[in-house]
Amino acid sequence: MLLSIALLVPWVSGALLVALDGRRRAVAWLAVVALAANLAVLGVLAAEVSTGGVAQVVTGGWPVGVGIVLRADALGVAFAALSVLVLLAAAAHEAIGGVRSRTFPGLVVLLSAGLTGLFVTADVFSFYVFFELAMTASYALSAYGGKRRQLRAALVFTAVNLLGSFIFLLSVAGAYRVTGALAMDQVAQRLLTVNPNAAVLIAAGFFTAFSVKLGLFPFHFWLPTVYAGARPAVAAILSGAVANIGSYGLLRFGVALFPEQLRLAGVALVVLGAASIVYGGVMAVARGDAAEMLAYSAIGQVGYVLVALGVGGPVGLTAAVLYSAVNSLNKALLFLASGVRGALVAAAFALGALSVAGVPPAAGFVGKLELFRTGVVAGSAALVVLLVVGSALSLVYLFQVYQRRFWRADPQAVGAASPLAQRLLTAALALLVLALGVWPEPLLAFSGHAVEALLAGNSP
Amino acid sequence: MILAFALAAAFLFGSGAYLLLKRDLIRMVAGIMLISQCAVVTIIAASLGRGRAAIAVAPGDPVSDPLPQALALTALVIGLATVALLLALVHRAVVVFRTAEQDRLAATEAAHEAALERERRADREEVGPAPEEAGPAEEEPADGGRAR
Amino acid sequence: MRPGGRDGAPDAVVRVVARLLPGPSLMVAAGLIAKGYAEVGDGFAAGVIVALAIAPSYVALGAEGVEAALPVLRHAPAVAVGGLLLALASGFFPLLLGEPPVSHRPAPGEHVVKIGALELFTPLLLDIGVFLLVVGVLTVLLHQFGRPRREGGR
Amino acid sequence: MVVIRGGAAPPGAGQRHRGSAVDWPGWLACAAALAGFALCLLGWLAGGGAFALPWAPSLDLELSFALDGLAVLYGLLATGVGALVFAYGTRYLSLHLEHQRRQAVERWRFWPWMALFAVAMVGLATAQDLVLVFVFFDLTAVCSYFLIGFDRAEREARTSALMALLVTVVAAVAMLVAAVLLYAAHGTFSIPELLARAAPSATTTLAAALLAVAALAKSAQVPLHFWLPRAMAAPTPVSAYLHSAAMVAAGVLVIGRVHPLLARSEAVLTGLLVVGAASVVVGGVLALRRDVLKQVLAYSTISQYGYVVMMYGMGGAAGNGAAAFYVLAHGVAKSALFMTAGAVTMATGEDRLSRLGGLGRRAPVLAVAAGVASATLAALPLTVGFFKDELLFTAALRHGPTTAVLAVVAAALTFAYVGRFWGALFLGPPRGRVGSTPVLLVAPVVVLAVIAVAGGLVVEPFARLAEDAAGVSAGGPVALSPAYHLDARAENLMALAAWAAGGALLALPRVVDRVSRAVAVAGERAGPRRAYEMAVHALNRASTALHDREVRDLRTSIAAVLVPAGVLIGLAFAATPTAGAYVVGAVVGADWLILPLLALVVIATVVIAVAKARLAVALALSVVGFALAAVYALVGAPDVALVAVVVETMLTLVFVAALARMPRAAPERDAGAPARVRRRRRDAIAGGVAGVAVFASVWGFLSQPAPDSVSAEHIRLTPAAHGSDVVTVIVADFRGLDTLVEITVLLVAVVGVATLARRRLW
């Protein structure tokens, strides 16, 4: 019931809002309210599933497999809530600053519907359609602003991600062909007896699709152009909410559907993740443009998720979930902060920077702690060294930019301060990042539940 | 037949990919359209069971697997939607950039890049004087007793 | 795609055809929806067919021309959104009854009132919603890609 | 009151307002520090205490604090020195901001960090959970970053702040790694439990070494010492607090806290000894001829903490006790000297020894107080400093002759540079103009001097504090009995030797100069700071170079998806057995019609790929679409065929409409023919790779059909759903949700189109 409402709220309100003129203040705020309502429902749902339960519903009341299975477990709800939170922040950011296009608020809410749907569906094809809903909304959003750079960003983003989507669809077709089912549980069950060659080829397709979405090295080339070119709010949406599809997809499809293949590819994942960390980190150092620096940083940060996933096991997976969550908040905070001027912003940016570098008391430190645990569990000194190098790189690139922007900026270059509300919003996000670092238990516990839920589906 | 479908899908995808790499944005859209066709034909080819259309099925009839057909319908519609959006993007890009060539789009990015050089240098300075800038800037000079 | 008529001075014949064509197409569409679950075709196909009937007008008259000839098309966005809302309503009304979404009434196995081939049950609402949405959406699409009075569109 | 800075008094300096209103935040911080001091003292007298709260049970993290001996020592130091420095700072900061013509409101960038730093220090001193220790440890680094960078307009301050942050925070990660290692081995982060459980082993040694690395970087020990002299860019109160009694002390505090663990490994202890000795010598030698006041003190700090690290390296009751006592005495004296330096600079506008002198007569109170502080560092009798060296000598003697010699050398160096510092400031002929020194800039120095003398007369309380602290580090009770002995015992002889050698160094400035200069030059050429700068700049250069190579146009982005994906598929293909996995499939019935249609599709795709005219592309595209629709009709999918036809028509229409409004494709002119051919070949290869990969996967999974499908259920249940066309029922009922989403996608896409095209209607 709650699950269906979580879908219904953004869907209907998005449909209504998209018909209204989003440049009107009231409409923009209505979108914020709709997102807040969505978040609230997801919050209640999260409370329900955090004790290990799942909310499941099959459309039309048909048997599993005939109807579409919607299932909210801790993993899905966590990602959904997180993404909607980021959307909420971005929408509020724009609502305060003044929306520049008629359709922005409606599209954000519909994006929220798509994301919520794909995080709570337990059906492979339904995942694809929700995924397309979310992606199509983001394609439309990526051109928001309409300037040359934004247009180019949108073009690159759309073309590359469409390619990724179709690769995904090919793999869905393959999954159906070899299992004769679409419900994730059934697919997982039947995949166990499928010819390993076919299974691994399908898994490779899924992996490619999600890697493109995440912007992992070497699938990342589109990402800097897009994140740096898009407006800050859109960049926050793309990196903080839409990119979650990639990490969630890798977790869900990798662990629940293709555990064997994931094990097989463990080393390859770690290597790719390590390459992402180093590449993104080094590239981010001398960028000059804060947004571009953050874009490369994003490439590096998702590397950590991949490394943790490659190591696997409860510790590694928990680290992957936790780090995805923290990273998504960090990126939302930093991208939004990069578009705001005035008091409070420097502090918010600094907190975000500390969080990315994994320095307490910001939330990122919990993520780093879990990652180090992963490295130690894997028994790999190289991995630990890599993590240290990654932290060092992130300190260098973030604080170089921080100091240039907030410490040395000559007064003439700094424009007028942004509206106070916008700054307060950024500060609120920063406080959230701080709070999750000071009191990490909710984050840790929920990540733990999420991984339990993920692994529980694995051993029927 | 399996091989034939696989070959058709491969040609659609390969040709689509080749078109995506062209400079002409219109050809890029055509590439995406081909890849979308590739996905639909693959879904249909993934049917489990062939026969007549699954309408008013009597038990035991050999019918075509209806599920992939439903999926193909959805995929077709989504393909239409996304291609239309991509076309609109390309169209807008052509209006704004006054060219349908990707290279020219990238050229505007290069201008932006160049404008960033000053800030990049500023970034580098934040970590201290460059070695080639010579010298201990803040440490005392080696003959520190010398009054200025 | 180069129209015969000059900008702003379309042939009277074209105008007439443009006005007339949607009529029969609506009939076909109605048929496609009315046949229910029995045969090939659904709201989606019906919607595209209607849109295809509108399309020649856009080719011939250009966006402004069509708007002048068929003022009703101005409401396309509302139709599209209305269609989506109707479809969503048909999908989610069961929540009110405590049932899973996309449950339909009459429930499986129960008796359905039929008028000819037309079955009166809630999936029909879904189909109508889809039809309205597709017509609205494709009309907007045609409008956006249609020939403007002057190129540039800024 | 007017303070004239050097010769460069800005015009209008005389009209400047007297220091702005009272510095409330500063006094607030001071009061809080005093309260903390009182609490620590009371807690100590009451015998300590402890409490623990759950923090993150999922990870066995606890907010566990204990006020044990070590905590009391560092807590008192942090709050006591803190209170004095804060009081000093209220005045100093006002003057500082005034000189820099900054607004008084900038205090709010200063005091919160100072206060937070004090809190972090007390937290660090009392924390009993290794992760908690790490949190406070990094918190001090973060505070120090913002404090060093307080004068943000100056590049020096910014680069120094970043350097301090990088060195201390990156090194601190070692502590986190150590914590995780220990957790993996022993299942707890609690320090007391870890100390109880950790037996000597490779893991313990590794963890101990990592902890030591983090601590040594923090305590500015060779070779990670270079950040500290640079950190002198901070305002003086920061140096007086962070870089004398607190931040740098945090490192040795951690060593003291986990010392039993470090003592499990002889190698780690030896390492401490070596690093400590190196720091003593390098810091001491360099301090001998620094010119800038605070630089002398910074190198002196490196050297002094080198002593402490050495003593921890000696270990045992004697070493631990001496280390604890040393930290206490040093903290008192060094912060007094820093504050002296600040007061002098404020009064004269000069910050170099070479331009100062003869202040003794102008500022007698300051001269005496600073003299006491210097004497304390130089370990002269009647100050508490005498005992610190006595304990050092005792411990060194017990450890062996080498360390004993080292201890004497260290003490001699200290005597020499402290003597030079004080002498150059207060003796000799007066130089330069001198303004008045505000009371608040002198009083804290006097208080510290009084404490130092009091400790020299009645050493008992200091000794008790150190004993309690050392008890924690040594893992057992420690007895210290510092006292004056008027006999020829070894310690006394060593002290005499040190004074003599120190005096000799003072008397031979030329020799000292040459040696110190040589060391400084060597450090410039090949020192760790140079290495740090080279590394960071190399990183920036590498980043730029890499970025220049990375091409980020759309085509590369796409190729970068296609080629790795192809490689991935190839790897997957190679990694699994393929024998018998591929099936050609039978051709029956209607298939004979499908084959030519598929052939037509293939031909059309090739035409599209090579076509020159866009219209040909459009036509061939619709050929593909309609041919495929026919295929769908032939495989028993009439619904799909119908929709494919209408969708294809629509797409063709839209495509051609868009095409008609595009400018004609420009002839490729940017490159010569060979380049064009090369690029075309490259594109063809990329496309070919993609095609082959798709071929392999699609053929792979088509060859492995599942034995049955859920669609059997769909077919069975279709009548129940009041339908007969299964596909339609699936679309509208079984998977109606997909349809809802799909039409929403359509709506969203068209909204996007309308937003982009910006024509009326929407």
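The values are calculated or read from the model by the stated rules, or taken from the named source; none is laboratory data. As the structure is a computational prediction, the values presented were derived from the model and not from experiment. All Cβ positions, glycine included, derive from the backbone under ideal geometry; neighbour counts span all protein chains shown. Heavy atoms of the whole protein, side chains included, go into the accessibility calculation; ligands, DNA and RNA do not. Shrake-Rupley method; radii C 1.70, N 1.55, O 1.52, S 1.80 Å.
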**Message:** What does the buried accessible surface come to for D and A, summed over both chains, with the probe at 1.4 Å? Round to 100 Å².
**Reply:** 8500 Å²
**Asked** Which one of D:LEU53, D:TRP227, D:LEU194 is farthest out on the positive end of the charge dipole of chain D, using unit charges on Cβ (Lys, Arg +1; Asp, Glu -1) and the Cα centre as origin?
**Response** D:TRP227
**Message:** Using a 1.4 angstrom probe on the protein heavy atoms only, could you order C:LEU124, D:LEU595 from most to least accessible area?
**Reply:** D:LEU595, C:LEU124
**Rounded to the nearest 10 Å², the accessible area of A:ASP185 at probe 1.4 Å** = 70 Å²
**Message:** Please report the net charge: other residues with Cβ closer than 14 Å to the Cβ of A:LEU162, K and R +1, D and E -1.
**Reply:** 0
**Request:** Mind running the shape call on region D:708-762? Use the C-alpha gyration tensor, a ≥ b ≥ c as the square roots of the eigenvalues: rounded below 1.5 for a/c, prolate if a/b tops b/c, oblate otherwise.
**Result:** prolate
**Asked** How many angstrom separate the Cα center of region D:265-289 from the Cα center of region D:203-248?
**Response** 13 Å
**Message:** So for region C:12-145, averaging the separation of alpha carbon pairs under 8 Å that are six or more residues apart and normalising by length, what relative contact order in percent results?
**Reply:** 34 percent
**Message:** To test your reading of the geometry: what angle, between 0 and 90 degrees and rounded to tens, separates the Cα axis of helix D:293-314 from the longest principal axis of chain D?
**Reply:** 90 degrees
**Request:** Among D:LEU41, A:VAL285, A:PRO361, pick out the residue whose Cα is farthest towards the positive end of the charge dipole of the protein assembly as shown, where Lys and Arg carry +1 and Asp and Glu carry -1 on C-beta, about the Cα centre.
**Result:** A:VAL285
**Request:** Enter the mean number of other protein chain beta carbons within 10 Å of the beta carbon of each residue in D:174-182, as an integer.
**Result:** 5
**Per residue solvent-accessible surface (Å²) - region D:18-264, probe of 1.4 Å** = 28 Å²
**Request:** Could you check what % of the DSSP bridge pairs in the protein assembly as shown are antiparallel, to the nearest 5?
**Result:** 90 percent
**Message:** Could you compute how much accessible surface D:ASP151 exposes when probed at 1.4 Å, giving the result in Å² to the nearest 10?
**Reply:** 10 Å²
**Message:** At a threshold of 8 angstrom on Cα-Cα distance, excluding pairs fewer than six apart, so keeping six or more, what relative contact order does region D:266-484 reach in percent?
**Reply:** 29 percent
**Overall form of region D:475-514 per C-alpha gyration tensor (a/c, 1.5; a/b vs b/c)** = oblate
**Prompt:** For a paramagnetic label modelled at 7 Å from the Cα of A:LEU424 toward its Cβ, which residues of region A:336-377 fall within the zone defined by backbone nitrogen distances under 15 Å?
**Reply:** A:343-345
**Request:** Using every pair of alpha-carbon atoms in region D:205-280, split the distances into 10 Å bins beginning at 0 and state the percent of pairs per bin, rounded to integers.
**Result:** 20, 49, 24, 7, 0
**Asked** Considering every Cα-Cα pair within the protein assembly as shown, what fraction, in whole percent, is farther apart than 48 Å?
**Response** 43 percent
**Fill in**
Shielding of A:9-17 by other chains, given as the mean Cβ count within 10 Å, works out to 4
**Fill in**
Between the residues D:GLY736, D:GLY349, D:VAL268, the Cα farthest towards the positive end of the dipole of the protein assembly as shown, that dipole coming from +1 and -1 charges on the beta-carbon of Lys, Arg, Asp and Glu, is from D:GLY349
**Message:** Defining a contact as two alpha carbons under 8 Å apart and six or more residues distant in sequence, what relative contact order in percent does chain A show?
**Reply:** 16 percent
**Percent of alpha-carbon pairs separated by more than 24 Å within region A:265-455** = 37 percent
**Request:** Amide H neighbours of D:SER64 under 5 Å, at least 5 residues apart or on other chains, H built in the peptide plane: list them.
**Result:** D:LEU53, D:GLN128, D:ASP129
**Prompt:** Ignoring ligands, DNA and RNA, how do A:TRP11, D:TRP592, D:TRP699 rank by accessible area with a 1.4 Å probe, largest first?
**Reply:** D:TRP592, D:TRP699, A:TRP11
**Request:** With a ≥ b ≥ c taken as the square roots of the eigenvalues of the C-alpha gyration tensor of chain D, please select rounded if a/c is under 1.5 and otherwise prolate if a/b is larger than b/c or oblate if it is not?
**Result:** prolate
**Projected-area average for region C:12-145 over all orientations - Cα convex hull basis, square nanometres** = 8.9 nm²
**Prompt:** Hey, if we sort D:THR205, D:THR188 by accessible area with the 1.4 Å probe, largest down, what's the order?
**Reply:** D:THR205, D:THR188
**Complete:** Given a Förster distance of 60 Å, the FRET efficiency implied by the Cβ-Cβ spacing of D:LYS612 and D:ASN492, rounded to the nearest 0.05, works out to 0.05
**Asked** Roughly speaking, what is the stretch gain from D:ALA684 to D:ALA153, that is 0.36 nm per residue apart minus the C-alpha to C-alpha distance, in nm to one decimal?
**Response** 185.6 nm
**Asked** Across the protein assembly as shown, how many lysine pairs separated by 8 or more positions, or lying on different chains, have Cα atoms within less than 22 Å?
**Response** 9
**Asked** What is the packing order of peptides D:423-431, D:714-722, D:745-753, taking the mean over residues of other C-beta atoms within 10 Å and listing the highest first?
**Response** D:745-753, D:714-722, D:423-431
**Complete:** Over the protein assembly as shown, the sum of -39500 (n - 2.57) across DSSP H runs of at least four, divided by residue number and rounded to 500 deg cm²/dmol, gives at 222 nm -24000 deg cm²/dmol
**Request:** Can you tell me which of A:104-113, D:357-366 comes out highest on packing, and rank the rest after it, using the mean Cβ neighbours within 10 Å?
**Result:** A:104-113, D:357-366
**Fill in**
Here the whole-number average of other chain Cβ atoms within 10 Å per Cβ of A:144-155 is 5
**Asked** What residues from region A:339-376 fall in the zone where the backbone N is under 15 Å from a label point 7 Å along the Cα-to-C-beta line of A:ALA417?
**Response** A:340-348
**Prompt:** How many angstrom separate the Cα center of region A:73-93 from the Cα center of region A:273-301?
**Reply:** 24 Å
**Message:** Quick check on region B:1-122: what does the Kirkwood estimate of hydrodynamic radius come out to from the alpha carbon pairs, in Å?
**Reply:** 17.5 Å
**Rg/Rh for chain A, where both radii come from Cα atoms and Rh is the Kirkwood radius** = 0.95
**Item:** region C:42-52 - phi-based ³J(HN,Hα) in whole Hz, Karplus 6.51/-1.76/1.60, Gly and Pro as x
**Value:** 7, x, 5, 4, 4, x, 5, 5, 4, 4, 5
**Item:** Electrostatic dipole magnitude of region D:18-264 [Cβ: Lys, Arg +1; Asp, Glu -1; Cα centre; debye, to 20]
**Value:** 580 debye
**Under 5 Å, built H, 5+ apart or other chain: amide partners of A:TYR144** = none
